[in-house]
Each structure stands twice: as C-alpha cells, then as structure tokens.
Amino acid sequence: MDSQSCVSIQLERDIIYARQIGRQFAEQLQFGLVEIARIAATISEIANNIFLYAEKGQICFQIMEGTGQKGLRIIASDVGPGIKNIEKAMEDGYSTSEGLGAGLPGIKRMMDEFEITSIVGEGTRIKVIKWVRSCDNEG
Amino acid sequence: MDSQSCVSIQLERDIIYARQIGRQFAEQLQFGLVEIARIAATISEIANNIFLYAEKGQICFQIMEGTGQKGLRIIASDVGPGIKNIEKAMEDGYSTSEGLGAGLPGIKRMMDEFEITSIVGEGTRIKVIKWVRSCDNEG
Amino acid sequence: MKAIMLDKETYKQLLNQYISTQDEGALYRAERLTRNFIKKNILPEEIIDLHIQVLRETYPTIYEEMVYMCQFLLETMISYGLAIQENETLREKQLAMRTEISLAANIQKTLLSSTLPEVDGLDIGVISVPAKQMNGDYYHFVTGKDGSIGIALADIIGKGIPAALCMSMIKYAMESFPEQLMNPNDILRRLNHVVELNVDSSMFITMIYAKYKNGLLTYASAGHEPGIYYCKETDTFYNLKAKGLVLGVSTDVSYSQYEQELKAGDMIILLTDGVTEYRNGDQFAKRGELLRIIRQSMKLKAQDIVENVYQHFNSLSEYYQQDDFTLIILKKY
Amino acid sequence: MKAIMLDKETYKQLLNQYISTQDEGALYRAERLTRNFIKKNILPEEIIDLHIQVLRETYPTIYEEMVYMCQFLLETMISYGLAIQENETLREKQLAMRTEISLAANIQKTLLSSTLPEVDGLDIGVISVPAKQMNGDYYHFVTGKDGSIGIALADIIGKGIPAALCMSMIKYAMESFPEQLMNPNDILRRLNHVVELNVDSSMFITMIYAKYKNGLLTYASAGHEPGIYYCKETDTFYNLKAKGLVLGVSTDVSYSQYEQELKAGDMIILLTDGVTEYRNGDQFAKRGELLRIIRQSMKLKAQDIVENVYQHFNSLSEYYQQDDFTLIILKKY
Ligand SMILES: [Mn+2]
Ligand SMILES: [Mn+2]
Ligand SMILES: [Mn+2]
Ligand SMILES: [Mn+2]
C-alpha cells in the first residue's frame, strides 16, 4: 500500500470506503484494536462534518514517519461555505444533530493532534494525527 | 426461598452477601440479565449509602405480588445521623466520592420506584421497587 | 500508566475468577474497579479489549468468529466511550458555574443589604432566606428626612440570575426617585414604568410599599401577598386589603393607597408568598399556621419573632423550602 | 417500545453480517445505530445482552464459560450506563443555564444602556461588544446641569454573572453621587470606596472617568488602559498619561486629575484592553494597528469610525474575540 491515499467523499458509501482505507493504514501501523476502532470512528466524524458544512470533500491518509515516532495523519478538506462559529462547534454538549459526545469535541478526544481551519466562503480543513505508542498492542 | 429476607450490613463482605440474596430473588422472579445486574448494582449503592451516612444498617428483600404485577422490593435502613441535605444528595453531578453517575440518582434511574426518608438524628430509609415486565426476558 | 496496567490485570484476574466460580465477590469487586476506571478515563471499548485478550488466552483454539463478535462490540462501544468523556467536561462546567453563582450570590448579598432604620416607638424585625443561592425576594428600608421610613418588599417572579439583575435595577431605580415623591402609590406607578420598559415580559414583580410616620402606615400593593395587621385591642389578625396590578404587565397603571393606624401593641406583618406557600411533606401550610406561631412569640422582640417563625418551619421534618422566604414585622410600642 | 425492539433486531443482523463477512459497512451502520441507541437511552449493558443472545443463537453448543464471560462484562457495563444517563441530565442543565444567562444578558443590556449625550461641538461614537454573553465592560454618559458631560468607562476584571452584578452596583453608586461632586478624581475615589466595601477581593475594576466642558477634557484613571489623544495640528496620536490604582484594591486611594485641551479636528479615544489585546491567530495586535485603522477612517463620523474599527478586527480570518471590546471616540469639530 502506498504511504498516501485520498478518498473523495460525496455519498454515504464513500465514508465506508474511507473507513476501510483508514483501517488498512492503521493495521499496517500495528495500532491496537481500540485505537483502530477510534480511527474508524474519527473518519466517520470528519466525513460527517463534510456533509454537515459542505456537500462534498475529500479525506487523505498519510503515514508519518519521524524521529522515532510513527503515526497516521488524516486530513479532511472541503470547499464548502466554512464554519462560522468554530468555537461553538468545538463546545461540548452543543452539537444536537449527533449522539452525545460526538462531533468535533469527540474527534479531538480520540486523536492525539487536532487542527481545524475554516474560512467562511472558502471551506474547512481538519487535520488529525494519531501516534503509535509502543504499548498500543497491549491495549 | 422465603418471600422475605434481611441482611445486616456492617462489613464489606455483607454487601456481597446482600447482592447474592438479591440476585437469588431476582432470578426467582425471572428478571432478565440486564435487570438482574441493575438490581445487584442498586444493592451496592444502597449498602454504600449506609456506610456513607451511618456505620451499619440492614437491607431487606421482599417479593411483591399484586394485581397482575410482580416485583422485588428492597428496603435499606439505618439508625445513623440521617442525611441533612437530601436535595443535594439527589442532584446529578454532585456526588464526588463515587464514580460518575452513581449515588442516589443512579439508584433512582435503575429502579422503577424510589423513596427516601431521612430524619436527622434518627436515620435513613431507602425503599426501591423493581417491577417484572412481561418482555423482560427478551432484554 | 503503570497503575492503569495494574488495574487492567486485576480486572482480568476477576474475570477469570468469575469464569471458574461465578463468584458474587468477583462481580462486586469488578464494580468497584469499574467506578475507578470511569474516573481514570478507561472507557468501555478498552474493557472489551481486555475481554478479547482473556478470550484468546483462555481458549487458544477459539473460533475466529467469536473474536469477530467481540471486535464488533468494541467498535460499538466507541460512541458510548465518547458520551462518557463528554460527561466529565459537563461536570467540570457545572462545577465552574456553581462557583460563579456562589460568587454572584455573595455580591448580591452585599449589594442588596439594607440596614434597619431606627424609629421612635417602632420595633422592626426582618428575615430573608433564599431557597436557592440567589435571592428572588427583595426588601429595602429608606429613612426620609421628615422622620418617616419607607419599606419596600418585592418578589420577583422568575428565579436565579435574571431575577438578581432585575432586583438590582429596582433598587437603583427606587434610589433615583426624588424624595418628595415618596408616596407608596407614586413609587409603585413609577417602578411599574421602569420594569415595563426594561424587563422581558416573561418576568414580573409583585411589591408592597409602605410608609410609616407617627403611628400611621400608608401602603400600596402591586399584586403582592397581602400584609397582616394585628390589632392589640381586639387581639385579632386582619388582612391588609390592597388592590393593584403586578409590576411590568401593563404600561400605565395607577395604584390605590391605603392607611392603617397603629396603636401600642399593634403589629404589621409583611411577607412574601414563600412564607405561606411552603411545603411540608405533601401538605401546604395555610396562613393560619403562620399566625399561630406569631401569636405564640408575640411578646418577643420583632427580630426574635421573625427568626422564631423561620426556625419553626425549618425544623419541620419534611419541610422543603421551595421559594424565597421573607418576613418583616413592625411592632408599635 | 416496538421501534426499540426493531433497532435491536437490526443490531443483531448487523452483528451476524459482520461475523460472516467482516464487512466495514456493517461496522459503519452499527456506529450510526449506536448513536441512536444513546439518544434513546439504550445502554451498554443492553448491548452486551444482545451479544449474549446472538452468541446462544449462533453457537447453541457453546461453552457455558463464554456466556459467563459475557455476563461478567454485562455487570461491568452497568456503571458505564449510569455515567451515560447522568450525561443527559447534565446536558439538560447546561441548556437551562444557557437560557438563563441569555435572559440575564438581555436584562443587563437594557439595564446598562446609556444614551449618547448631545454636546455642541462634539461628535461622539461608541461601540461595546461582549466576548461572551454577559458584558464585563461598562460605559456610561452623564449630562450635567452645567452643560458638561461625564464619561465613565470601566472594565471589570472577572467575567460572567458576578461581573454583571458588580457593574450594576457601580452604575447605582455613580448615580447616587451628588452632582456637585462630579470631578473625575472625586468620583474615582468614592467608587473605590464602594467597590472595596462591597466586592470580593478577587474582583477588581479598572476605570477611566472623563469630563468634557467647553473644549477641555478633565480625566482620571484607576489603572485603566490609557486613552489616546489625536492632535490635528501635528497629525499625531499621543497616549493620555494617567496614574492611579485600580478600584477595589486598597481602602483609601486618591486619584490625580489630568487635563487635555481639544481644538477643532482633535480626537479623544477611550478604550478597554479588549480592543488592543485581541488575538489574530497566534499574533496579538498592537495599539499601532488600531491607530492605523482609525487614521484611515478619521474623516468619518465618530460612530462610523468605531464601527469601522470593530468591523476591521472582526473580519480578520483568524480573529478570535477573547475579551469584551469597548471603544469610545470623541471628535471636536
Ligand atoms: Mn420569587
Ligand atoms: Mn415567592
Ligand atoms: Mn473584563
Ligand atoms: Mn478587558
């Protein structure tokens, strides 16, 4: 498998495909079961975010290899209208469209790094990274 | 098994015994697995409440048979100093000594009926009832 | 991190114990442990992960399908794990809010404190106890240059922070009125205007305003709980009748003004509905109960009487204070 | 009830599908379904119950031990289920609190509204935008009988409800001062006393008070963000220097009073630190940026200038308003 891969998100089945790709990357990096499940859930969330604020977008996966650290970077981007009030979207207990605990705060909790930029009229970009921890295999 | 039974609560192992008795009653009434587990958890909670507000007390079990309805009644009582501020003890997010969601509000959620009376200087009495629902066996 | 690993080992041991003995003690200890897990942010999906590990260790030749089942379960638990994590943040927010409100309640207390005026021939007592942290009842005493005193007693319908802000507005408005206008009906008319202008229509205020000078009580009421007059001569309590619309409902309202003469031994009792509409178990008290207690302690100083009344209600075993409680007693001597 | 049963059936089907095909689609749909479960109060222990059912149905000859394992798991999940249920209540409370605060913010708005005074030869503009719902900045204009105007601008250190109550106290206190004492340094000295007496020591207030009459600005400052003087003749901005302790820190404080003459075309800019200390991405703006924008729109009416400045900052892509923003401009013409 290549170290980078992008999936365009327009239909619901694209989410399933993106989860599959993300899962493959995660397995390749030898993440534990729990972390793999969280990565899949994160992909659902950021795809959902694309549907929420734009019509379509794409999700790209990239294996990060640095000094002694390995990880999976996921970037979701769209050219939709952008999120006006990021602060509110990031607040717990605010999102009503989804189940409790979901939404942007949920993504932030599941991942190690989280970054969102949104320009009104131009679009939104969410970047997350999950690092492989040495003890991940032990749960 | 008799239709009534009391367990005195003074040591931690008494809780385990009370849970055992409660579980036997619950099985006898053919509660489902989930409800049996909740009954056991309730017993832990009310026993814990005895330790929290008094030194010792007792927990009594009684099978309720009425007009077409069957259920398990559990009464916990102590002669401790009583709970001064029941309102606060009943408030969610307030109890800090226990895990999230536990305490009196947790008992109330797990049971069908809940009643607490506490007289400062005389003691506390908690009465709960769990009714058998016809579809309980199906979860 | 080490400690968490240890917890997980304990959990696996308890699980193995339960598999072989179905021991209640294992379940009980697992419950205790789980409480700790929640506090330490160990989530349900991680519990399932432990199960998969035990499954593989205990049954090395297990069908792969059973592991798949557990993996499916683990995925399912992610959403529950997220909900539980949110819980923690919400709890913290609630705690912060509590602190903020208790700070605000303190400010409100000093902001709205009113010292008892000293008037010859009049013994005054007052008690005001909020049901929650913020008080929605408001009382205020003013001493006029002509030796009269003014007594305002209001109940804001609506609770919490909005009520507290509303109250400070009333106080501010009242203090800005010129003194020569200090007639109860004028004051209510003007206050009604201020409230009508400034406050959302969902909130309104009942108020009784009384002025005392040389044995004569003049008063007007804006839909407030009626005051009580105790006549020493006949040894009887009478309601102080007064009509008037609550503040903040209509634009132009005028209020009638009433008078009551006071002789030595007479009393005036002003109160908010929280005094009479308290709950004792399933029962609501009547005004009769209040009067009974007042009669019992009538010989005491006014301040002792009001405190006595509150103590009486508060000591009832099933008393639950639903509403703010304010009681003012004037004793002519 | 029917619908929930159906949901559970769907869940079991998805589980069976996953056991045989390990299909990502089944996991995805299970995730959606679980979200719904949480909303409908179907708790993790009930999910485990479903698993036990599927386990028994799929493997009728399964070891009883494996069922015990799942039962143990089910018991464990009870605590998690309770935590999730608490979540819902906490969410509702948070929502109620939000409503209450927005009500309070409305009251605060009307309570603290101040109409711009009309003064010959002076063009006044003002904008005040809270960072959160409640405003911790406070400004107030007073028109004196002698044709002077007084301008108070304060920043309460501390946020939310306590700050709002504190502010209404300041307003009330200021309005109760006799007019003949309306000198900026006197007003600050008296306010300091009120704040010191009434407010918790964790909260304090910075304030600038200025008085304008016939081309002369007299002012005093209690630790407030320095104002700015624009001199038309030299086309230069100068800081309005002023020393003075913040209100509420010490008991007896006296304040120095300063003067600035204004000629046609000159401007006075009063502001709170929220105007200069906003954040744009990782950068904090300097006063220079503010002056640059003011200079650009200097020819406009005072009200247009202040609105222009706010619009400018607000339109920056990474602008994040951390603090309440209040800007007052006086233009002499
Ligand atoms: Mn009230
Ligand atoms: Mn009331
Ligand atoms: Mn501030
Ligand atoms: Mn500020």
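The values are calculated or read from the model by the stated rules, or taken from the named source; none is laboratory data. As the structure is a computational prediction, the values presented were derived from the model and not from experiment. Using ideal geometry, Cβ is built from the backbone for each residue, glycine included, and neighbour counts are taken over all protein chains shown. Surface accessibility is based on the protein's heavy atoms, side chains included, excluding ligands, DNA and RNA. Shrake-Rupley method; radii C 1.70, N 1.55, O 1.52, S 1.80 Å.
Some points to look at:
- Index of the failed condition, D:ALA83 passing every other in (1) open to solvent by 40 Å² or more (accessible area, probe 1.4 Å); (2) within 14 Å of chain A (Cβ to nearest Cβ); (3) touching a Gly at 6+ places or on another chain (Cβ under 8 Å): (1)
- Checked against the criterion of being within 16 Å of ligand 1 (Cβ to nearest atom), at pLDDT below 95 and open to solvent by 10 Å² or more (accessible area, probe 1.4 Å), the candidates C:GLU318, C:GLU277 yield just one match: C:GLU277.
- Here the condition is being closer than 22 Å to D:SER128 by Cα, away from ligand 4 (no atom under 16 Å from the Cβ) and assigned by TED's automatic domain parsing to the domain that holds D:GLY274; of D:MET174, D:MET182, D:MET167, it holds for D:MET174 alone.
- A:THR117 being at pLDDT below 80 and either open to solvent by 50 Å² or more (accessible area, probe 1.4 Å) or part of a strand (DSSP E or B) (or both): no
- Some residue of segment A:34-49 being away from chain C (no Cβ under 14 Å) and open to solvent by 30 Å² or more (accessible area, probe 1.4 Å): no
- Scanning segment C:180-191 for residues that are closer than 14 Å to C:SER254 by Cα and open to solvent by 50 Å² or more (accessible area, probe 1.4 Å) yields C:ASN183, C:ARG189, C:ARG190.
- Leading residue by the ranking (nearest to ligand 4 (Cβ to nearest atom)) among those in segment C:138-151 that are within 14 Å of chain D (Cβ to nearest Cβ) and open to solvent by less than 20 Å² (accessible area, probe 1.4 Å): C:TYR138
- Every condition in (1) open to solvent by 20 Å² or more (accessible area, probe 1.4 Å); (2) more than 30 Å from B:ILE107 (Cα to Cα); (3) under 23 Å from the mean Cα position of the chain (by Cα) is met by D:GLU118 except one, and the failing one is (3).
- In a residue-by-residue description of segment A:98-105, the property of being within 11 Å of another protein chain (Cβ to nearest Cβ), modelled with pLDDT of 95 or more, outside any strand (DSSP E or B) and crowded, with 19+ Cβ neighbours inside 10 Å applies to no position.
- Candidates C:LEU15, C:LEU27, C:LEU6, C:LEU50 - the one that is within 14 Å of chain B (Cβ to nearest Cβ) and either open to solvent by less than 70 Å² (accessible area, probe 1.4 Å) or not in a loop (DSSP other than H, G, I, E, B) (or both): C:LEU27
- Taking the criterion of being of a type in the set (A, V, I, L, M) and over 26 Å from the mean Cα position of the chain (by Cα), the residues of segment C:231-267 that qualify are C:LEU240, C:ALA242, C:VAL253, C:LEU262, C:ALA264, C:MET267.
- Residues located in segment D:96-115, provided they are open to solvent by 30 Å² or more (accessible area, probe 1.4 Å) and either within 14 Å of chain B (Cβ to nearest Cβ) or in contact with a Pro (Cβ under 7 Å, 6 or more places away or on another chain) (or both): D:ALA96, D:MET97, D:GLU100, D:LEU103
- Residues within segment D:191-215 that are more than 10 Å from chain C (Cβ to nearest Cβ) and within 24 Å of the chain's Cα centre (by Cα), tallied: 8
- When C:VAL199, C:VAL194 are checked against the criterion of being surrounded by 23 or more Cβ atoms within 10 Å (Cβ to Cβ) and in contact (Cβ under 8 Å) with a residue 12 or more places away in the chain, C:VAL199 stands alone in meeting it.
- Residues of segment D:152-190 satisfying the condition of being within 14 Å of chain C (Cβ to nearest Cβ) and among the aliphatic types (A, V, I, L, M): D:ILE156, D:ILE157, D:ILE161, D:ALA163, D:ALA164, D:LEU165, D:MET167, D:MET169, D:ILE170, D:ALA173, D:MET174
- The condition of being within 16 Å of ligand 2 (Cβ to nearest atom), touching a strand residue (DSSP E or B) at 6+ places or on another chain (Cβ under 7 Å) and open to solvent by less than 30 Å² (accessible area, probe 1.4 Å) holds for C:ALA163.
- The single condition from (1) within 14 Å of another protein chain (Cβ to nearest Cβ); (2) away from ligand 4 (no atom under 16 Å from the Cβ) that D:ASN135 fails is (2).
- Between D:LEU90, D:LEU111, D:LEU95, the distinction of being in a helix (DSSP H, G or I) and modelled with pLDDT under 80 belongs to D:LEU111 only.
- Filter result (more than 16 Å from ligand 4 (Cβ to nearest atom), within 28 Å of D:GLU196 (Cα to Cα) and open to solvent by 30 Å² or more (accessible area, probe 1.4 Å)) within segment D:245-273: D:LEU245, D:VAL249, D:SER250, D:THR251, D:ASP252, D:SER254, D:SER256, D:GLN257, D:TYR258, D:GLU259
- Test: residue in segment D:219-226 that is away from ligand 4 (no atom under 16 Å from the Cβ), under 15 Å from D:GLU259 (Cβ atoms) and either open to solvent by less than 10 Å² (accessible area, probe 1.4 Å) or more than 14 Å from every other protein chain (Cβ to nearest Cβ) (or both): yes
- A count restricted to segment D:262-278 and to residues that are within 28 Å of D:ASN214 (Cβ to Cβ) and either in a loop (DSSP other than H, G, I, E, B) or outside the structural domain of D:GLY223 (by TED's automatic domain parsing) (or both) stands at 6.
- At least 2 residues being at pLDDT 85 or above and either within 16 Å of ligand 1 (Cβ to nearest atom) or β-branched (Val, Ile, Thr) (or both) is the threshold, and among the strands (runs of 3 or more DSSP E) wholly inside segment D:132-241 those reaching it are D:137-143, D:149-157, D:204-213.
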